[in-house]
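Encoded as structure tokens, the structure appears first; notes follow it.
The values are calculated or read from the model by the stated rules, or taken from the named source; none is laboratory data. What you see is a predicted model, and the numbers here were worked out from it, not measured in a lab. Cβ sites come from the backbone with ideal geometry, for glycine too, and all protein chains shown count toward neighbours.
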Amino acid sequence: MVERLTQWHARPGLDREQAVRYWTEQHARLVERVPRLEAYVQHVAVVAPDGSEPPYAGLGEARFRSFEDAARATESAEWAAVLEDARTFMDRPPHGRLGGEPGVVPDAGAGTED
């Protein structure tokens, strides 16, 4: 599996809540049409336990079976439509674009119970 991660900020002139609402309600529908997409996950940033504001509005994960599938998907007309639509709510360019294979830390979560 290959993941493409996009960390983004709201476009200037648009408040964070409006941008997140558009991302989750409208933009996601376009992403779902991208060929060879295995999964799309949206992480909406939230206020930290200490009350500080999040450093970004959201993090999107587009998952593909292989680098070949990711390359073909990002060359498609559907992907071009996703990028064009992102300009309506997202500060460009998106921050933290990354492609890679996810790994699991074997002992993560094996700590003491609370």
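One table, with the values for the structure above:
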{"item": "Residues satisfying the stated conditions in the range 13-68, i.e. among the aromatic types (Phe, Trp, Tyr) and closer than 21 Å to TRP79 by Cα", "result": "TYR22, TRP23, TYR40, PHE64, PHE67"}
{"item": "Qualifying positions in the range 55-114 - surrounded by 15 or more Cβ atoms within 10 Å (Cβ to Cβ), at pLDDT 60 or above and assigned to a loop (DSSP other than H, G, I, E, B)", "result": "TYR56, ALA57, SER76, PHE89, ASP91"}
{"item": "Residue ID - nearest to the chain's Cα centre (by Cα), chosen from residues in the range 12-35 that are surrounded by fewer than 18 Cβ atoms within 10 Å (Cβ to Cβ), not acidic (Asp, Glu) and not in a helix (DSSP H, G or I)", "result": "ARG33"}
